[in-house]
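The values are calculated or read from the model by the stated rules, or taken from the named source; none is laboratory data. Remember, predicted model here, so these are calculated numbers, not experimental data. Here the Cβ positions follow ideal geometry from the backbone for every residue, glycine too, while neighbour counts run over all protein chains shown. SASA here: full protein model, heavy atoms, side chains in, ligands and nucleic acids out. Shrake-Rupley method; radii C 1.70, N 1.55, O 1.52, S 1.80 Å.
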Amino acid sequence: MVTVRFAPSPTGFLHLGSARTALFNWLHARHTGGRFLLRVEDTDRVRSDPRFLEEILSDLRWLGLDWDGEPLFQSRRFPLYRQKAGDLVAAGRAYREGEAVLFRIEKGRTIEYDDIVHGRIAVRTDDIKDQVLIKSDGSPSYNFACVVDDAEMGITDILRGDDHISNTPKQILFYEAFGLAPPRFGHMPLILGPDGAKLSKRHGGVSVEEYRKEGYLPGALVNHLILLGWYPGEEHEVMTLEEAARMFEISHMGDVQAKFDLQKLRWLNAAHIMKKTAADLLPLVKDQLAAAGVSLAGVADEFLLKLIDLYKIRMKTLREFPEMTDCFFRDDYAVEEGGKRKYLESPESVENLRLLAARLEGLAPFSAASVEDVFRKMAEDRNLKPAALIHPARMAVSGRTSGAGLFEMMELLGKEKVLTRLRGTAL
Ligand code: GLU
């Protein structure tokens, strides 16, 4: 059975690179009906912090990546690592140097393996110095604890970042010394920004947490991370985690240029938002409104659902929602200066809006369709192009030159607010 693991060090937040590592291991496990295990690499007692572990686990859950069984903690297994190192000393493969234990590297050999991502890799042992197994403070080295645990956990495949590529030959030598067959290894290229530089804050953020706060859907972030290791073809670019788990084969992993592109993420996010129902988006939108300081006291869910349906196709991120819809939540909404000058300052516009308000006053019901009829009728009667009425009206009721359909907006705002705004008292 395929058994893979994700092995975070709880010394910081979950980076996009680590999230991608977790994701591909998860996809491999779920596609094959195997197991996806967690191992906490908390051997560095100073830098490890349970708070980081909590963040990492909650980010994994948010992304939709579940794991099997309970996580294993390396900090609880120091006696085991020391015992295993002792075994290698007894077998003549390692030696003590004070409190430390070192593995003896046999020179003149070539270590070869088939990397799942890069293909055949060969490394000469002449270039490798003796390896620390146990440090003088009694803690294990990363490479040694990793091999002891991967062997005990029955790991069959290891997908991890390219930053570990130089560790793999050393780990293979440890398996050999224990008389065990090594698992398969695959190293994924470092994630870069669109400019080819190492991913950094200026490309839009490096941790999962940042994208969560920015109003990205987990499905969209996962979707972009998938494309940084596997290209499923143009017709499958937009996919859910479940679809990906169904289609993904580990042999599909490519040595792709892993470029994280914020524009691509925004486009994917819009595509994933479109697929959600207003009810799916409601709790997320409420979070964004609350974060933007909008009070939802007395605001019915039914109203919010209609508003979400109206704006869903216009958002790239959920964070844009509060700003796009501020005219629905306050009367001192932002007003575009250019639009105001263009559409609201001529005497004709003011007069037209006053007349429009008069025609709308007795309207019942006040619905998008009935409002539209009033617009059409008035444009006809006064020989105006509909646009000559629509643009100023949109500016007056929302403060913006673009947005959702004007008639739907008016219905949602309600007659009273619309009349007040058309008559200019709010501007
Ligand atoms: N703790 C290591 C890391 O976060 C794990 C490397 C591995 O997967 O072997 O990079």
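With Cα atoms as the point set, the radius of gyration and Dmax of the chain evaluate to 29.9, 101 Å. Residue separation of residue 126 and residue 340 scaled by 0.36 nm, minus their Cα-Cα distance, works out to 69.6 nm of gained length.
Across the range 37-81, the mean sequence separation of Cα contacts (distance under 8 Å, 6 or more residues apart), normalised by length, yields a relative contact order of 68 percent.
Taking the range 328-364 and a reference point 7 angstrom along Cα→Cβ of residue 381, the backbone N atoms nearer than 17 Å belong to 349-364. Using only the Cα atoms of the range 1-68, build the gyration tensor, take square roots of its eigenvalues as a ≥ b ≥ c, and label the shape rounded, prolate or oblate: rounded if a/c is under 1.5, else prolate if a/b is larger than b/c, else oblate. Since a/c reaches 1.5 and a/b is larger than b/c, the shape of the range 1-68 is classed as prolate.
Taking Lys and Arg as +1 and Asp and Glu as -1, the other residues whose beta-carbon sits under 12 Å from that of residue 320 total +2. Measuring nothing but how far apart in sequence close Cα pairs (under 8 Å, 6+ apart) lie, relative to its length, the chain scores a relative contact order of 13 percent.
Label-to-label distance, residue 31 versus residue 275, with points set 7 angstrom from Cα along the beta-carbon direction: 1.7 nm. In order along the range 143-159, the phi-based Karplus estimate (6.51 cos²θ - 1.76 cosθ + 1.60, θ = phi - 60°) of 3J(HN,Hα) comes to 4, 6, 4, 4, 5, 4, 6, 4, 5, 5, 7, x, 5, 9, 9, 10, 10 Hz; Gly and Pro are listed as x.
For the set 316/415; 170/264; 312/342, the pairs lying more than 32 angstrom apart at their alpha carbons are 170/264. How large a share of the accessible area of the range 122-263, in percent, is made up of carbon and sulfur atoms when the probe is 1.4 Å and the other protein chains stay in place? Answer for the range 122-263 is 52 percent, counting heavy atoms of protein chains only. Take the Cα of residue 44, go 7 Å toward its beta carbon, and the backbone nitrogen atoms of the range 1-32 under 20 Å from that spot belong to 6-22. Taking a sphere under 14 Å around the Cβ of residue 338 and counting the other residues whose Cβ falls inside, with K and R at +1 and D and E at -1, yields a net charge of +2. Helix-only arithmetic for the chain: the sum of -39500 (n - 2.57) across DSSP H runs with n ≥ 4, divided by the residue total, places the mean residue ellipticity at 222 nm at -14000 deg cm²/dmol. Between residue 329 and residue 11, full extension at 0.36 nm per residue minus the direct alpha carbon distance yields a gain of 110.3 nm. Taking every C-alpha pair closer than 8 Å and separated by at least 6 residues, the mean separation divided by the residue count of the range 19-167 gives a relative contact order of 21 percent. Treat each spin label as a single point 7 Å out from the Cα along the C-beta direction, and report the residue 303 to residue 197 distance in nm. If labels sit at residue 303 and residue 197, their model points lie 4.6 nm apart. Under the simplified labelling scheme, the residue 180-residue 118 pair shows an inter-label distance of 2.3 nm, with each label point 7 Å from Cα along Cα→Cβ.
Axis angle, to the nearest 10 degrees, between helix 16-32 and the longest C-alpha principal axis of the chain: 80 degrees.
Against the main long axis of the alpha-carbon atoms of the chain, helix 278-291 sits at an angle near 90°. Between the range 195-255 and the range 45-78, the alpha-carbon centres lie 22 Å apart. Axis angle, to the nearest 10 degrees, between helix 347-361 and the longest C-alpha principal axis of the chain: 90 degrees. Note that the range 316-326 has calculated 3J(HN,Hα) couplings of 9, 9, 5, 5, 6, 4, x, 6, 5, 10, 5 Hz, one per residue in order, obtained from phi through the Karplus relation 6.51 cos²θ - 1.76 cosθ + 1.60 (θ = phi - 60°); glycine and proline are x.
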